[in-house]
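Okay, structure first, notes after.
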Protein chains: 2
Amino acid sequence: MTKEELVNQIRKKRSYLCIGLDTDIDKIPKHLLDLEDPIFEFNKAIIEATHDLCVAYKPNIAFYECMGAKGWDSLQKTVAHIPDGIFTIADAKRGDIGNSSKYYAQTFFETYDFDSVTLAPYMGRDSIDPFLSYNNKWAIILGVTSNESAADFQLSEVNKNGAGRPLYKEVIEKAKTWGTDQNTMFVTGATRPELLKEIREIVPHHFLLVPGVGSQGGDLTEVSEAGFNSECGLLVNSSRAILYAGNGEDFAEKAREAARGVQHQMDGLLSSSL
Amino acid sequence: MTKEELVNQIRKKRSYLCIGLDTDIDKIPKHLLDLEDPIFEFNKAIIEATHDLCVAYKPNIAFYECMGAKGWDSLQKTVAHIPDGIFTIADAKRGDIGNSSKYYAQTFFETYDFDSVTLAPYMGRDSIDPFLSYNNKWAIILGVTSNESAADFQLSEVNKNGAGRPLYKEVIEKAKTWGTDQNTMFVTGATRPELLKEIREIVPHHFLLVPGVGSQGGDLTEVSEAGFNSECGLLVNSSRAILYAGNGEDFAEKAREAARGVQHQMDGLLSSSL
């Protein structure tokens, strides 16, 4: 998907919501467990109930991978069930070099046909480049994450020409030169909205993927005001607050209500951006 | 596997060789391609030809993942075929937080029963802790890697109480306090042997996993002299130079000859350590 197509979807739906498909066999409604593929059946119902309210879905690969080959089948069926025009993110946080990196790109862009994949920057440019060689596919690089221990290294001060700046800024400054705002995004945790503003100064035109709103405590209004650019420029993710809004027979309706609530709020906030 | 058991294997086999199972469908001998599971058949032959010469096998997960669910089946059969007493490493370079991290640990330690998994440190302690809660399982954390662009961030100078030190040292200093030398190792690329010596000063008792000898240009003698401790303390990986030593019907014999060459050299080098 191109950046223009993504922005058009945001305009049309008045939403920059990404729904995280962190589908947990221990948390989905019990009545699904008798079906042949409960993970896919849950995702299918969630997608059918919410696809007009969001612009992206983000399956978290850990939840599928832990179920072995069966989990990868559920993932493949899920991706195939996401309607055209919705941006798909493999939240895989991969990062390797050489042929390994090339094969990770192949996994998510060819074997599973995702639009994008999240990537860890620790190994440097070698670990990102293979993902940037595909047309209309995206590398979403970890900048500053929403967890507490992001502070362990991401906020460490790195020397640069005598002055210091945090590692995550060094990462974004360097990585923005490897691709363009047409094939690279950055992960910016919602639990640190003050940093979103600083990141926006480094990458005014890039999309930012913002996890951490909802269960993790990030505030949508704060995040949006700090991160908007003239094309919206944000994908804000919510996972558990939508997926597990209900856990009875009506879980999909409850999920829809929760997503509708976020989309309404986004509609209001977007007035100042798009 | 415990550290003591690993050291005993090294003593017994006079080898600290880890064979990387970077099994590439485009590189394995053509006569295997007609079989139902060529990847597994190749690995099976390599394992049977080399298991007395090495102490560890390290499947690189990218090579399996890119083949979809079928690739994960090949991986599972491969792990099951590795004899007891050999240390197994899932070279996955995962790194996530919360439940995602917990599920990645479950994937490699329960679904696939590996002894260890390689992990990226960018997200901090949250991304490592779940792997340290298993008995006799290991987290192998990226320190300094063998690729050229490791310099992008790993060698960046981080401020610490007014003085500077490279990020990889900051990572190792912090991460060594999260676990112990009984459940944590660090990746230290063979292409930078001078750094191995410095890392050995920070973690005198930890095992180091050293990729990059052979095809990537690292030198076994240099690496060993810089990295040995009184229990050997090194697992030196070779992948392509062994796997693809031959590509005819006799590929497994050729692989054995290549592995035997490395093991001979290791036997000589070990005299000064064990």
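The values are calculated or read from the model by the stated rules, or taken from the named source; none is laboratory data. From a predicted model like this one, the values you see are computed outputs, not experimental measurements. Ideal geometry is used to build each Cβ from the backbone, glycine not excepted, and the neighbour counts take in all protein chains shown.
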Fill in the blank from the handout: Note on the range A:89-106: residues under 19 Å from B:Leu21 (Cα atoms) and not in a helix (DSSP H, G or I) are A:Arg94, A:Gly95, A:Asp96, A:Ile97
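Out of the residues in the range A:134-157 that are among the aliphatic types (A, V, I, L, M) and surrounded by fewer than 23 Cβ atoms within 10 Å (Cβ to Cβ), state the one that is nearest to the other protein chains (Cβ to nearest Cβ).
Our first condition is that a residue be among the aliphatic types (A, V, I, L, M); within the range A:134-157, this holds for A:139-142, A:144, A:150-151, A:155.
Of the ones still in play, those that are also surrounded by fewer than 23 Cβ atoms within 10 Å (Cβ to Cβ) are A:151, A:155.
Working: A:Ala151: 7, A:Leu155: 9 Å.
Across the range A:134-157, the extreme among qualifying residues is A:Ala151.
In this structure, does B:Phe186 turn out to be crowded, with 24+ Cβ neighbours inside 10 Å and of a type in the set (A, V, I, L, M, F, W, C)? Explain how you work it out, then say what you get.
Details: crowded, with 24+ Cβ neighbours inside 10 Å: yes; of a type in the set (A, V, I, L, M, F, W, C): yes.
Here the answer is yes, as B:Phe186 does meet what is asked.
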Fill in the blank from the handout: Restricting attention to the range A:237-251, the residues that are surrounded by fewer than 19 Cβ atoms within 10 Å (Cβ to Cβ) and in a helix (DSSP H, G or I) number exactly 2
Completion exercise
Only unsatisfied item for B:Lys93, checking (1) at pLDDT 95 or above; (2) under 27 Å from B:Lys169 (Cα atoms); (3) touching a helix residue (DSSP H, G or I) at 6+ places or on another chain (Cβ under 6 Å); (4) not β-branched (Val, Ile, Thr), is (3)
Fill in the blank from the handout: Among residues of the range B:146-205 being free of Cβ contacts under 8 Å to residues at least 12 places away in the same chain and in a loop (DSSP other than H, G, I, E, B), the residue nearest to A:Ala175 (Cα to Cα) is B:Ser156
Practice task
Can you give me the number of residues within the range A:199-219 that are modelled with pLDDT under 95 and of a type outside the set (Val, Ile, Thr)?
Solution key: 8
Practice task
Name the single residue, out of those in the range B:68-88 being part of a loop (DSSP other than H, G, I, E, B) and buried (at least 17 other Cβ atoms within 10 Å of the Cβ), that is nearest to the other protein chains (Cβ to nearest Cβ).
Solution key: B:Gly68
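Considering only residues that are within 14 Å of chain B (Cβ to nearest Cβ) and not in a helix (DSSP H, G or I), which ones fall in the range A:27-62?
Residues of the range A:27-62 within 14 Å of chain B (Cβ to nearest Cβ): A:27-28, A:37, A:39-40, A:58-62.
Those that are within 14 Å of chain B (Cβ to nearest Cβ) and not in a helix (DSSP H, G or I): A:Lys27, A:Ile28, A:Asp37, A:Lys58, A:Pro59, A:Asn60.
Which of the following residues is in contact (Cβ under 8 Å) with a residue 60 or more places away in the chain and on the phi > 0 side of the Ramachandran plot: A:Gly98, A:Gly85, A:Gly68? First the steps, then the outcome.
Values: A:Gly98 fails: in contact (Cβ under 8 Å) with a residue 60 or more places away in the chain; A:Gly68 fails: in contact (Cβ under 8 Å) with a residue 60 or more places away in the chain.
It is A:Gly85.
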Exercise for the section: Would you mind stating whether B:Glu65 is within 10 Å of chain A (Cβ to nearest Cβ), surrounded by fewer than 24 Cβ atoms within 10 Å (Cβ to Cβ) and of a type in the set (Asp, Glu)? Expected result: no
Practice task
Could you please find all residues in the range A:11-26 being surrounded by fewer than 17 Cβ atoms within 10 Å (Cβ to Cβ), more than 14 Å from chain B (Cβ to nearest Cβ) and either in a strand (DSSP E or B) or out of contact with any helix residue (DSSP H, G or I) (no Cβ under 9 Å at 6 or more places or on another chain) (or both)?
Solution key: A:Lys12
Practice task
Among the numbered conditions (1) touching a Gly at 6+ places or on another chain (Cβ under 9 Å); (2) within 10 Å of chain B (Cβ to nearest Cβ), tell me where A:Lys160 comes up short.
Solution key: (1)
